[in-house]
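Chemist: The structure that follows is given in the form of structure tokens.
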Amino acid sequence: MSQVAAIACKYPQVRKALLFGKNNAPMPVSQMEYVYPKYEEHNIVLRYPSVWQFFLKLPLHKHLARFFCTNYPRQTYTAWLGFIPERCKRWSKLCIAKGGDSIRSAIACNPASVDGGRDSSFIRFTFQKDENKNNPNASINMVDAIGYGRLEFLLAVTLPQDNNFGIDVSTTHILAYITEAKDVEGDGTNKILYFTKFGCSFILNATLIKNVAGRVFTKARRAAGEWAIVDRSGGLEKTDFSVEEHDPNDEEGWEN
């Protein structure tokens, strides 16, 4: 306790956390990490290496325009395509702070490394879909869904202030470029999900990445083989220190 008291006296933010149970001190990061202020509350920590002036080729530029047009529909797709900068910062690694996973994207994989080209790019993410997408006569009903895919890399896109786009101050968006596991949808913690190949690529907000998942190649069901998804995120239980109360007069209840 004396050590805790000494630390609390030296660091006011620690003392505040001990007294009130809250701490608004900046998230601790190393020299190889960076936290954008807007994403600190989401526990998003980016890790080097990074490319400062990454050129956005046209296909990727179009993906970004579709993302912003969908999520910020104040302007058209064509307007967003012309507004988004041609260059941004590209990151290779992501850490979800406060007990989350460390994720290494596919772009950070080194085939010549001692790891044999392995990475931790296969992830679980959440998104919204139209529950009635297969029924053209039904109204749109957006619901939450779970997906799996490969994290290709992360982009830090800074948009300048512009009233026409509803941007009051220059804002940086941390976006994930993901290639989906084709035809896979559902919660892999409840059952084993399978896929045979990767599908299309798209842009998502990095805050929608939840954890790393595994995939194992198997020929148990198909002669050509398929990938089985291993998602153990739901199996991590918190320790429960609750103790059953006993009647002090009940001697039998206290027997070993």
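Chemist: Report the net charge of residues surrounding residue 203, where surrounding means a beta-carbon distance below 11 angstrom and charges are Lys +1, Arg +1, Asp -1, Glu -1. List each step's numbers first, then the result.
Modeler: Details: positive: 62, 66; negative: 152.
Its environment carries a net charge of +1.
Chemist: On to the next question. Pairs to check: 57/197; 98/210; 62/197; 57/129; 38/89; 129/197. Give those whose C-alpha atoms are more than 19 Å from each other in this structure.
Modeler: Numbers: 57/197 25 Å; 98/210 13 Å; 62/197 24 Å; 57/129 27 Å; 38/89 16 Å; 129/197 21 Å.
Listed pairs above 19 Å: 57/197; 62/197; 57/129; 129/197.
Where a number appears in this text, it was derived from the coordinates with a stated rule and is not lab data. Please read all numbers here as calculations on a predicted model, not as lab measurements. Heads up, the Cβs are rebuilt from the backbone with ideal geometry, glycines too, and the neighbour counts pull from every protein chain shown.
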